[in-house]
Amino acid sequence: MSTLDYTVEVKELPELNVACARHVGPYSEVGEAFGRLYRWAGPRGLIGEKTRHLATYLDDPDITPADKLRSSACMTVPEGTPADGDIGLMKIPGGAFAVGHFEIEAAQFGEAWNALMGEWLPASGYQPDDRPCYELYLNDHEKHPQKKFIVDICQPVKPL
């Protein structure tokens, strides 16, 4: 059982138009891709108060070797934003998501995912569907008094 304090709600989330930097390797190293993304977005004036910052995850770390895990560092951008270099564009589909809300330390992301997928999901009446899951970052952890991340883990779901 998780010792984390968290809440989960099933919500209809909108489609998101994002710019992204791809990452292959351990999920804990996706920060490098965020660096590339922000170096691209900053000079283009794309980072603002309404910008949402997220990471998508495509593989199950319990099955896929760490050096083969695929993820993307993402940020919302206006429709029609041109991409270049190693920055791409994609749409993250909307729909029904289990949204787990957490306030955690950097080392607790795995525990948070385990709480959502291993504790909440089996008793929920829902199952995962095939849309990408993502973490939505709600704060700048560097500005948090305890350097914690306030994050929504968004897992697409459908009824059992």
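On full extension of the chain, what length is gained from Thr64 through Thr3, given 0.36 nm per residue of separation minus the C-alpha to C-alpha distance?
Working: separation 61, 0.36 × 61 = 21.96 nm, distance 2.63 nm.
Between Thr64 and Thr3, full extension yields an extra 19.3 nm.
Sort 141-150, 25-34 by the packing proxy (mean of other Cβ within 10 Å over each peptide's residues), most packed first.
Numbers: 141-150: 11.4, 25-34: 15.8.
Going from most to least packed, we get 25-34, 141-150.
How charged is the neighbourhood of Pro93? Take every other residue with its Cβ under 11 Å from the Cβ of Pro93, and add Lys/Arg as +1 and Asp/Glu as -1.
-1
Given the pairs Lys91/Lys147; Lys91/Lys143; Lys50/Lys158; Lys11/Lys50; Lys68/Lys148, which span a C-alpha to C-alpha distance of over 23 angstrom in this model?
Flagged as over cut-off: Lys91/Lys147; Lys91/Lys143; Lys50/Lys158; Lys68/Lys148.
By how many degrees, 0 to 90 and rounded to 10, does the Cα axis of helix 31-41 deviate from the longest principal axis of the chain?
40 degrees
Need one word for the chain: rounded, prolate or oblate. Basis is the Cα gyration tensor (sqrt eigenvalues a ≥ b ≥ c); a/c below 1.5 gives rounded, then a/b vs b/c decides. Before the final figure, lay out each step's value.
On the way: a/c = 1.56, a/b = 1.41, b/c = 1.10.
Prolate shape, in that a/c is at least 1.5 and a/b is the bigger ratio.
Placing +1 on the Cβ of each Lys and Arg and -1 on the Cβ of each Asp and Glu in the chain, which of Ala55, Leu160, Asn114 has its Cα farthest towards the positive end of the resulting dipole?
Ala55
Values quoted throughout were computed directly from the atomic coordinates according to the rules given, and no laboratory measurement underlies them. Every value quoted in this text rests on a predicted model; they were computed, and no experiment measured them. As a convention, Cβ positions derive from the backbone with ideal geometry for all residues, glycine included, and neighbour counts pool all protein chains shown.
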